[in-house]
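Here the structure is laid out as structure tokens; the discussion comes afterwards.
Values in this text are rule-based calculations from the coordinates and carry no lab data. Just so you know, these numbers come straight off a predicted model, no measurement behind them. Every residue, glycine as well, gets a Cβ built from its backbone with ideal geometry; the counts of neighbours run over all protein chains shown.
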Amino acid sequence: MKNLVIGFMLSMAVVTFMLGGCRRSYDTPEYKEIKNNETGFVVPLEGATGDQAKLKSVDLLKVSQVATKRVQIMHRWNQTGRWDCEGGWLASVKLITVDRTPVTVEWTADVNSGTSKVNQGIWVESYDSVGFSTGFNCTGFVSEDDAATYLYYYPEKSLKDVMDTEVRGAFQAITSQVALRYKMDILRGYKQEIIDSIRYGLKPPLVNPDGTAVTAQSSTQPAYKAVIAQPSTNPAIGDVCAEGVISFFKKRGITITTVGNSGGFTYENKDIQKAIDDVFIAQQKKNINAALLEAQKDANAKITSEATALATAATSKAEGEAGAIRVIAKAAAEAQSNPMFYQLKLIEVQAKQIEKWNGQFPTNYMSMGGTSGIPNMLINIASQQTK
């Protein structure tokens, strides 16, 4: 009897526990927000259309794209024991976001520049085996329409990681092939071809490695051939060397907006740069001396011109004054032969006498004797008193 009582009590305890004591935990709602610079995709984690199926194509990913900025993560109960209360809540969907923020990277060989603290220079060789590095900068972003494509190709990578790995690798491959076309002396003048090839793909070389013009005969020689990769037969894969980074990565959901150089060439052999600098300095000195010589020639020409002008002006002035004197002399000579000249002179003298007369009559009179013109008598004349 005692055992029956104990068994009954245990049974009742189990029933009580099952009916009221063992309960599932509360399914707390879970929400996640999508930032303005992000695009969200809600991917089912289970079932026939689970995560694996959703990531198999871009079209399926586009179906999972959401326009809302707040997403509820749905849960299901996962029982792990005999009792119904043993278990937990599992998410039945997953929110994946793609950051569309533009990213700018700069790859240089100098650890004190660029966007990374490590050497990220693009090291290549010229046709004549001169090793050098040059820096590049590049900006890319993921558009709203390309977010699904980007997620398909790079489900676990940020755009910054892709730029520093795959995009940088494309820059390296194209730069290397352009550098192999020309000798270093020629290559330094073809930096624009490097940039254009990176942007739009490799084109036939402009000249031969030694700078001579490309002809049908020279271009068939292996050493002079253009190194151009052929596009892949699969258009979804493509070939970055033939297409360039803009077209190639656009098909992967990345829009490349800028491609440029960052600094000049950095040579493995530092003596090369010193020699280039020495040649440049010598050329600049030559240009300065030539400019100084040209300036001195201009100054000398100016002085000569001014002296010539002064001499010409002085000669013209002297000739003018001499001509004026000759005119006056000629006029005077002609006037003296005219009786009217003497009458005019007499009137001029009388006019000057009248101007100086004080209103009194002369007190002395000098008589001119004979025809000799010598005065022989001085007579005092009483002054006239005015009444």
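Between Lys203 and Val58, residue separation times 0.36 nm minus the direct Cα-Cα distance comes to 49.0 nm. Pairs exceeding a 30 Å alpha-carbon distance, out of Lys191/Lys250; Lys94/Lys160; Lys191/Lys285; Lys191/Lys286; Lys157/Lys183: Lys157/Lys183.
Rank Gln177, Met163, Gly131 by how far each Cα sits towards the positive end of the charge dipole of segment 91-184 (+1 on Lys, Arg Cβ; -1 on Asp, Glu Cβ) and give me just the farthest. Farthest towards the positive end: Gly131.
Here Thr115 and Val214 are evaluated by their C-beta separation; at R0 = 30 Å the FRET efficiency comes out at 0.20.
Note on Asp271 and Trp89: the model spin-label points, each 7 Å out from Cα along the C-beta direction, lie 7.5 nm apart.
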